[in-house]
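Please treat every number below as a calculation from the coordinates, not as lab data. Bear in mind the structure is a predicted one, so any value in this text is a computation, not a measurement. As a convention, Cβ positions derive from the backbone with ideal geometry for all residues, glycine included, and neighbour counts pool all protein chains shown.
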Amino acid sequence: MTAHDHPAPRPSALLSDFEVTFPSEIDIVMFRTFKAPRALVWEMWTKPEHVRQWWGPHGFHNDTCEMDVCPGGRFRLGMAAPDGTPCPCEGTFVEVVAPERLVYEGMPHVHPCGSGLPPESRVTITFKEEGEGTRLTLHARLLSTERKDAAIEQGFAVGWADAFERMETLMSEQPAGFEIVTSHRYAASPEALFARFADPQHLKQWWGPDGFTNSIPVFEFREGGEFRIIMHGPDGRDHDNHKRFVEIVENQRIVFDHLQPTHQFRMTVEYVADGDHTDMIWRMDFAPSEQEELLKTFIPQANEQNFLRLETYLQAHKS
């Protein structure tokens, strides 16, 4: 992202949370830690209504923003400088791994913005949780040393530092996320309950509210592994859920991210022993959502049905 011939005044302290390195003759790598959860930072990058508000250096604006966030999908921004000079940005997504990584390539263009970078460069953006915040890394690989030097001269790093600051401000203005916690006490050990989740042949028998059945085509039960479950509703509709395991502590805790675009959340399943019983606690931390009130209404009821289905399954399959 270049300031080009339209630099805007910037506070000298702006770079305090921003780092830039040049690991090779054709690479530029930038880092910024945001005071926001990864789900929200990912949303800022993948929803056009957000991107158009922060993309570009201070003083620039985007009249349009179109995005098809999938491999092969295109994005176009109608960016303009403070004096109205058009600075269009175009690119193609190469890889999309929510909420961890975006890879895209800039389209050849007469304006040096290209995809928010010099044209025909490849950009890899990674999102890593760091405490309660998110560490974002933007790695741009250019075609030549000359293009890298030109990008630096035209204010590439300054432009992105500005954009990151604008994004931080926008996130601070977003409504807060919310949490839903439900629990159930079982006459079973943590080991027994953990095993009923860790094996997809068990899990598919009890997962979901009353009347649902399940198919589990992908179940990589390890940290970073993918988890896909297709829930078949009693009305004949299928609900394809994509998740990714974040943390697994045997017989104690399972954490995974739910990655659907309509509502994203992190779910922590805890098994707390109490004598001959175990409390299974489901903690669901949601990103901000327009569906908050609806989710708060039906999820506790659905979870309770889910808990009772597991209770019935345990009774029928005592070991």
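Can you tell me the FRET efficiency between D210 and S24 if r is taken as the Cβ-Cβ distance and R0 is 45 Å, rounded to the nearest 0.05? Walk me through the numbers on the way to the answer.
On the way: r = 57 Å, r/R0 = 1.28.
Once rounded, the FRET efficiency stands at 0.20.
Based on the Cβ-Cβ distance from I230 to Q291, what FRET efficiency comes out when R0 is 35 Å, to the nearest 0.05? List each step's numbers first, then the result.
Values: r = 21 Å, r/R0 = 0.60.
After rounding, the FRET efficiency stands at 0.95.
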Practice prompt. Figure the gain on full extension for A273 and E179 (residue separation times 0.36 nm, minus the Cα-Cα span) and round it to one decimal in nm.
Written response: 31.5 nm
Item to complete: Determine the relative contact order of the chain: mean sequence separation of Cα pairs under 8 Å and six or more apart, normalised by residue count, in whole percent.
Response: 15 percent
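Stretched out fully, how many nm does the piece from V97 to E220 gain, at 0.36 nm a residue minus the Cα gap?
On the way: separation 123, 0.36 × 123 = 44.28 nm, distance 1.55 nm.
Computed gain between V97 and E220 is 42.7 nm.
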Worksheet item: Of G275, V158, L310, which is farthest on the positive side of the dipole of the chain, counting Cα position, with +1 on Lys and Arg Cβ, -1 on Asp and Glu Cβ, and the Cα centre as origin?
Response: L310
Worksheet item: To the nearest 20 debye, what is the magnitude of the charge dipole of segment 178-316 about its Cα centre, counting +1 on the Cβ of each Lys and Arg and -1 on the Cβ of each Asp and Glu?
Response: 240 debye
Worksheet item: Please state the relative contact order of segment 12-172 as a whole percent: Cα pairs under 8 Å, 6+ residues apart?
Response: 26 percent
Practice prompt. Report P(r) for the chain: all Cα-Cα distances, bin width 20 Å, range 0 to the bin holding the largest distance, values in whole percent.
Written response: 29, 47, 22, 2
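Among D238, D162, rank each residue by its count of other Cβ atoms within 10 Å, from fewest to most, as a rough exposure measure.
Values: D238 9, D162 24.
Ascending Cβ contact count within 10 Å gives the list D238, D162.
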Response to the item:
Straight-line reach check, K128, cutoff 12 Å on alpha carbons, 8 or more apart in-chain or any other chain, hits among aspartates and glutamates -> E100
Worksheet item: Ranked by Cβ crowding within 10 angstrom, fewest neighbours first, how are I180, I254 ordered?
Response: I180, I254
Item to complete: Grab the DSSP H runs of the chain that are 4 residues or longer, score each as -39,500 (n - 2.57), total them, divide by all residues and round the 222 nm result to the nearest 500 deg cm²/dmol.
Response: -8000 deg cm²/dmol
Fill in: H202 paired with T312, simple spin-label distance in nm, labels 7 Å along Cα-to-beta-carbon
1.9 nm
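List the DSSP H helices in the chain whose Cα atoms stretch 18 Å or more along the helix axis and whose mean Kyte-Doolittle hydropathy is at least -0.5.
Within the chain the helices that satisfy the rule are 156-172, 292-316.
Give me the net charge for the shell around P200: Cβ to Cβ below 14 angstrom, other residues only, Lys and Arg +1, Asp and Glu -1.
Details: positive: R196, K204, R222, R228, K243; negative: D199, E220, E226.
Spelling it out: positives minus negatives among the neighbours equals +2.
FRET efficiency for E130 and R74, Cβ-Cβ distance as r, R0 = 30 Å, nearest 0.05?
Values: r = 31 Å, r/R0 = 1.04.
The pair E130/R74 has a calculated efficiency of 0.45.
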